[in-house]
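The structure under discussion appears below in the form of structure tokens.
Only the coordinates and a few stated rules stand behind these numbers; no lab work does. Values in this document were obtained by computation on a predicted structure and should not be read as measured data. Every residue, glycine as well, gets a Cβ built from its backbone with ideal geometry; the counts of neighbours run over all protein chains shown.
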Amino acid sequence: MCKHLTHEFIEGRRLHLVNRRKVTIDRSTVESSMPEAHRQYKLFTVLPAIDAALQRIEAGDYGYCHDCGEGIPQKRLELRPEACRCVSCQEAFEKVNSPQEVVREHPLFARA
Ligand SMILES: [Zn+2]
């Protein structure tokens, strides 16, 4: 399991992600006023990122950078529980990938 993160911290992130997952689905399916592009973004970009983070928690490799394998700082996971890269790898990733690809990997949540 993650050596740099406590079990309590990961459990907190998990609950946060589960709640955000539910809110994302509810808002996207119940709110008919939501613009279609926004709804699609929520369902096909935000939701998969949340699911991927929950799968990493399940698998026991949550909190490690996808690219360099280093532990992702706790502060970053507090702001972005779905983050799969450390800041420097994320910056490198954004330099070589299209904006769509970056958004898919690193969605910006309009509302917390
Ligand atoms: Zn990294």
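General observations
- Residue list for region 9-41, filter: under 12 Å from the mean Cα position of the chain (by Cα) and basic (Lys, Arg): ARG13, ARG14, ARG20, ARG21
- Yes/no for THR29 being among the polar types (S, T, N, Q) and touching a residue at least 60 places away in the same chain (Cβ under 8 Å): no
- Counted residues, region 75-101 - those being loosely packed, with under 14 Cβ neighbours inside 10 Å, more than 11 Å from the ligand (Cβ to nearest atom) and polar (S, T, N, Q): 2
- Residue in region 32-70 that is nearest to the ligand (Cβ to nearest atom), counting only those that are of a type in the set (D, E, K, R) and loosely packed, with under 12 Cβ neighbours inside 10 Å: GLU58
- Of the residues in region 5-12, none is over 17 Å from TYR62 (Cα atoms), surrounded by 15 or more Cβ atoms within 10 Å (Cβ to Cβ) and in contact (Cβ under 8 Å) with a residue 12 or more places away in the chain.
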